[in-house]
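A.B. asks: If you scroll down you'll find the structure; I have some questions about it.
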Amino acid sequence: MTISFQGTVVFQAQVTDNDKGIHGDLRYILVSGNDDNKFYLDEVVGRLVLISSLDRETTDQYNISLRVEDSALGSPDVKYSNVTLYITVKDVNDNPPVCTQTLFAEQILEGK
């Protein structure tokens, strides 16, 4: 998947739970890996969205750990499952070439 701009959905969870009531209500949690706050996780639908530009020169990979829980917050019998997303940032040509001098000159002796 190529991510080119803010607002891009990076991941959409597809989780099923056969329980009913509060044990069937799912809640998604971004556990770790979002140290630069580049991503937002919608806790209701499990959608991970890019909210800030990525730059390979700064960070070339993100390991995002997500959890889905099936009970109300604070419930003593909560069940959960974890997944880790490995997001690799590819480089784009975003920096123009720079010459340190505008003119290069050198003398070459004949016959050498």
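A.B. asks: Considering only ARG67, ARG56, ARG27, give the residue with the highest GNM mean-square fluctuation for the chain, with springs between Cα atoms whenever their separation is below 10 Å.
C.D. replies: Fluctuation is largest for ARG56.
A.B. asks: At q = 0.30 Å⁻¹, what log₁₀ I(q)/I(0) does a Debye calculation on the Cα points of the range 1-42 give, no solvent, two decimals?
C.D. replies: Log10 I(q)/I(0), no solvent term: -1.19.
A.B. asks: Please report, as a whole percent, how much of the solvent-accessible surface of the chain comes from carbon and sulfur atoms (probe radius 1.4 Å).
C.D. replies: C and S atoms contribute 50 percent here.
A.B. asks: For the chain, what does the accessible surface come to per residue with a 1.4 Å probe? Please give it in Å². Numbers along the way, then the final one.
C.D. replies: Details: 8770 Å² over 112 residues.
Roughly 78 Å² per residue, with all protein chains present.
A.B. asks: Sort VAL45, VAL89 by heavy-atom solvent-accessible area, probe 1.4 angstrom, most to least.
C.D. replies: Descending accessible area places them as VAL45, VAL89.
A.B. asks: I've got another one for you. Leaving ligands and nucleic acids out of the surface, order THR84, THR58 by accessible area at 1.4 Å, largest first. Walk me through the numbers on the way to the answer.
C.D. replies: Values: THR84 60, THR58 110 Å².
Order by accessible area, largest first: THR58, THR84.
A.B. asks: Further question on the same structure: For the chain, what are the per-bin percents of Cα-Cα distances with bins 10 Å wide, up to the bin holding the maximum?
C.D. replies: Going out from 0 Å in 10 Å bins, the chain shows 11, 33, 20, 13, 7, 6, 5, 3, 2, 0 percent.
A.B. asks: Mind checking which of LEU66, LEU85, LEU50 has the largest fluctuation in a GNM of the chain, springs on alpha carbons under 10 Å?
C.D. replies: Most flexible of the set in this elastic network: LEU85.
A.B. asks: Given contacts defined as C-alpha pairs under 8 Å and at least six residues apart, what's the relative contact order of the range 18-112, whole-number percent?
C.D. replies: It rounds to 26 percent for the range 18-112.
A.B. asks: Oh, and also: With every protein chain left in place, what is the accessible area of ASP36 in Å² (1.4 Å probe, nearest 10)?
C.D. replies: 80 Å²
A.B. asks: What nm distance separates the two modelled labels at ASP60 and GLN14, each placed 7 Å from Cα along Cα→Cβ?
C.D. replies: Placing both labels 7 Å beyond Cα along the Cβ direction yields 3.2 nm.
A.B. asks: Among TYR86, TYR28, what's the order by accessible area (1.4 angstrom probe), most exposed first?
C.D. replies: These residues rank, largest area first, as TYR86, TYR28.
The values are calculated or read from the model by the stated rules, or taken from the named source; none is laboratory data. Computed from a prediction, not measured in an experiment: that's the story for all the values here. Cβ sites come from the backbone with ideal geometry, for glycine too, and all protein chains shown count toward neighbours. Heads up: the accessible areas ignore ligands, DNA and RNA and are worked out on the full protein's heavy atoms, side chains in. Shrake-Rupley method; radii C 1.70, N 1.55, O 1.52, S 1.80 Å.
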